[in-house]
Amino acid sequence: MGIPRRRFIAFQIVAFVCLGMIVARLWQLQVVSSQTYRASADANRFRLVSIDAPRGIIYDRAGRMLVRNVPSFTLSLVPAGLPEDEDERRAMMERLAELLDMGPEGADELETRLAARLVNQYAPVRVADEVSRPAAFIIEEEHLMLPGAVIEAVPVRQYVDGSLTAHVLGYMGHIPNNQIEAYRQRGYNLGDQVGLVGLEYTQEDLLAGVKGQKHIEVDAFEREVRVIASQPPGPGDNVVITLDLDLQQATENALRDGMAAAGSRVGVAIAMDPRTGEVLSFVSLPNFDNNLFSGGISHEDLVRLSSDPALPLVNHGVSGQYPPGSVFKIVPATAALQEGVIDRRTTFRCGGMLWLPNKLFPNDPAQATPFYCWRTAGHGNLTVQEAITQSCDIFFYLATGGFGQFQGLGIERLAEYAGAYGFGAATGIELSGELSGLLPSDKWKRQNYGESWFTGDTYNASIGQGFILATPLQVLNATAAIANGGTLYRPQLVYQVIDPEGQVLHTLQPEPIRDIPVDDAHIQLVRQGMREAVTRGTAYMMRIPEVAVAGKTGSAEYAAFDEEGNLLVDEHGYLPTHAWFTAFAPYEDPEIALVVFLEGGGEGSQTAVPVASRILRHYFQLDQPTAVPTPEPVSLGGAEVVTEAEQADQSAPEAVVDTQQ
């Protein structure tokens, strides 16, 4: 056999071996590993994409739309579709950041969002909301150079009245990092937006609906080619709330003007139906435009709102805790009556000031502590009804803290009744961030200050000062209980829940928290005192001829400091005061109760009452007043007024208690 023949045979052997290897490889690819590669190809080609459900709409009690969904563009990135080359990927991210107007650090920000929300390589990750229409169109046009970038049209929330209802409705945003796992278990994806505060948060389960799904085929650039199968989403339920938009606007206007007149930077005004607990208007100022949060708030806006010392993002109606001042006096009044400490005929003499002896040195006048009434000339002899009318401080010092041999109500019983009125506990309204206030006790003071509880502490607590703190909503709820005869209701904002087909699923039912443990006769006595506070007492500016209004004023001192840390006082040495006023009307059959609070607003009778007057006049469709009512003279009951000088001349303080039981 010649050399050429041997070479030919060798060539044939090599050819057969190579062909065998090719056949084996084809067998391995097409038969043995066919399922694996088919699955990989399908993974590249097919996607299972969730479809966001249309979020439920929110209406006011008259059916006016407060929140709606409007179309918007979002940008998502599919990690598997992004360029593998680092330089190409960086160039793509910089181009997207340029189109989105994200600034020089935009590319890094997109990468950060992508990494934080990554689930798997084939799941789209939403990295930008509220993409402008021009930017969305350009991204679509340049899709060949921007592989893995997907533009979608999705609904976003539009708050029709913006700041007017912001603290009630709240806003939406991306899932907070510390709650990601909890939301995942509820079927949410990382890029989803959820309610973060307000009704958007508390009613999330009703409004969100049920996500749908679609099985789609995509091309090499992650663009949808066709829909293979789909399951439509279930729209969220619609919610009708108890607010009246017209009353809400009138309340804000009145409060804003009142704050400007008083020089106050924070104010709250809330109205509710005392018969059911329905909240009719709820305004906390300053407020903010919650549309800023739709699709993601800018860094500049967030810094501006967060750094504002007046805290516009805080709902001061439920999250602001303040000394309630004299509006709290309805509690010791009814408590002392119910406990038999006083009765309707008990009188105390107010001389404008009371000297409380020092327990360690009871016979040393120099060691006595003065406690003042707001009226320096005193009120003379007063019953509990008159003390409510004139808001006499000394009456409540004595009724609650006692003096000499006379034993008052005491702090423990005062706290017990205050708790029954809802102080010291959240009301349960459907709003986020509600705080409970503070009801102090001897144990609390020992734990927090390492001191015993003193009679002077009880004196301060009796007039809503000292350690006691309350939210404006708590004050209103307590007033509503007095107005309706003694039932404390849970304040409610959700009036109806309606499914997408228009069927009513739920209608508000009044939810009593408890009946106040006070006899009706005692409540009626306090109601009468509040009525006379308007007709001839501290709330005289509230007089409306067409409607019988009952109310209670309050001015609560608080400590404030200047930039150097010095305590702020006026020219007379007095601390600044918050202005309060709470009321209900009509007196005989109340259908509205309200509270007005002006932070640092001065005297409640002068600054908070006019705000409430405007709100009630709007509610009852009455003309606004053209002149301020003239106050009637305060009667001192023919009693001797003990002056500060006369008290100081006494060898020992005398009890100013005159009980006629």
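The values are calculated or read from the model by the stated rules, or taken from the named source; none is laboratory data. Bear in mind that the values here come from a model prediction, so they are computed numbers and not experimental data. Glycine gets a Cβ as well: all are built from the backbone with ideal geometry, and neighbour counts include every protein chain shown.
Looking across region 192-242, the residues that are polar (S, T, N, Q), over 30 Å from residue 92 (Cα atoms) and modelled with pLDDT of 80 or more come down to 202, 203, 238, 242. In the set 78, 17, 70, which member is among the aliphatic types (A, V, I, L, M), under 36 Å from the mean Cα position of the chain (by Cα) and at pLDDT 75 or above? Step by step, each of 78, 17, 70 is checked, and only 70 is among the aliphatic types (A, V, I, L, M), under 36 Å from the mean Cα position of the chain (by Cα) and at pLDDT 75 or above.
Condition check ((1) more than 34 Å from the chain's Cα centre (by Cα); (2) within 23 Å of residue 293 (Cβ to Cβ); (3) surrounded by fewer than 16 Cβ atoms within 10 Å (Cβ to Cβ)) across all residues:
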| position | (1), (2), (3) |
| --- | --- |
| 87 | yes, no, yes |
| 91 | yes, no, yes |
| 95 | yes, no, no |
| 102 | no, yes, no |
| 112 | no, yes, yes |
| 132 | no, yes, yes |
| 135 | yes, yes, no |
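Annotation: residue 552 fulfils all but one of (1) farther than 20 Å from residue 269 by Cα; (2) crowded, with 24+ Cβ neighbours inside 10 Å; (3) of a type in the set (D, E, K, R); the unmet one is (1).
Applying the condition of being part of a helix (DSSP H, G or I) and out of contact with any strand residue (DSSP E or B) (no Cβ under 9 Å at 6 or more places or on another chain) to region 292-303 and asking which residue is modelled with the lowest pLDDT yields 299. Within region 318-335, is there a residue that is of a type in the set (S, T, N, Q), buried (at least 20 other Cβ atoms within 10 Å of the Cβ) and not in a loop (DSSP other than H, G, I, E, B)? Within region 318-335, one or more residues are of a type in the set (S, T, N, Q), buried (at least 20 other Cβ atoms within 10 Å of the Cβ) and not in a loop (DSSP other than H, G, I, E, B). Considering each residue of region 555-597, count those that are under 22 Å from residue 390 (Cβ atoms), surrounded by 13 or more Cβ atoms within 10 Å (Cβ to Cβ) and hydroxyl-bearing (Ser, Thr, Tyr), and give that number. Total meeting the criteria: 4.
Would you check if residue 374 is in a loop (DSSP other than H, G, I, E, B) and aromatic (Phe, Trp, Tyr)? When the stated conditions are applied, residue 374 passes them. As an exercise: evaluate residue 374 against (1) surrounded by fewer than 22 Cβ atoms within 10 Å (Cβ to Cβ); (2) more than 21 Å from residue 532 (Cα to Cα) and give the number of the one condition it does not meet. So residue 374 meets the others, but not (2). Restricting attention to region 425-442 and to residues that are in contact with a helix residue (DSSP H, G or I) (Cβ under 7 Å, 6 or more places away or on another chain) and either on the phi > 0 side of the Ramachandran plot or not in a loop (DSSP other than H, G, I, E, B) (or both), the residue that is surrounded by the fewest Cβ atoms within 10 Å (Cβ to Cβ) turns out to be 433. Applying the condition of being without any contact (Cβ under 8 Å) to a residue 24 or more places away in the chain and out of contact with any strand residue (DSSP E or B) (no Cβ under 9 Å at 6 or more places or on another chain) to region 121-143 and asking which residue is nearest to residue 73 (Cα to Cα) yields 134. Here residue 313 meets each of (1) crowded, with 18+ Cβ neighbours inside 10 Å; (2) under 23 Å from the mean Cα position of the chain (by Cα); (3) not in a loop (DSSP other than H, G, I, E, B) with one exception, condition (3).
Okay, residues lined up against (1) outside any strand (DSSP E or B); (2) among the basic types (Lys, Arg); (3) crowded, with 16+ Cβ neighbours inside 10 Å; (4) touching a residue at least 60 places away in the same chain (Cβ under 8 Å):
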{"site": "276", "(1), (2), (3), (4)": "yes, no, yes, yes"}
{"site": "305", "(1), (2), (3), (4)": "yes, no, yes, no"}
{"site": "345", "(1), (2), (3), (4)": "yes, yes, no, yes"}
{"site": "370", "(1), (2), (3), (4)": "no, no, no, yes"}
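Selection of region 139-166 for residues being loosely packed, with under 15 Cβ neighbours inside 10 Å and part of a helix (DSSP H, G or I) yields 140, 141. I'm checking my understanding of the structure. Among residues of region 417-454 that are free of Cβ contacts under 8 Å to residues at least 12 places away in the same chain and of a type in the set (Lys, Arg), which one is nearest to residue 331 (Cα to Cα)? Ranking the candidates gives 443 first. Taken over region 174-191, the criterion of being at pLDDT 85 or above and buried (at least 18 other Cβ atoms within 10 Å of the Cβ) is satisfied by 174, 175, 188. Every condition in (1) within 22 Å of residue 578 (Cα to Cα); (2) assigned to a helix (DSSP H, G or I); (3) over 28 Å from the mean Cα position of the chain (by Cα); (4) in contact (Cβ under 8 Å) with a residue 24 or more places away in the chain holds for residue 386 except the one numbered (1). For residue 227, the conditions (1) in a strand (DSSP E or B); (2) of a type in the set (Val, Ile, Thr); (3) in contact (Cβ under 8 Å) with a residue 60 or more places away in the chain all hold with the exception of (3).
Looking across region 284-318, the residues that are under 13 Å from residue 198 (Cα atoms), aliphatic (A, V, I, L, M) and touching a Gly at 6+ places or on another chain (Cβ under 8 Å) come down to 314, 318. Taking region 407-424 as the range and being crowded, with 17+ Cβ neighbours inside 10 Å and part of a loop (DSSP other than H, G, I, E, B) as the test, the residues that pass are 408, 409, 410, 421, 422, 423, 424.
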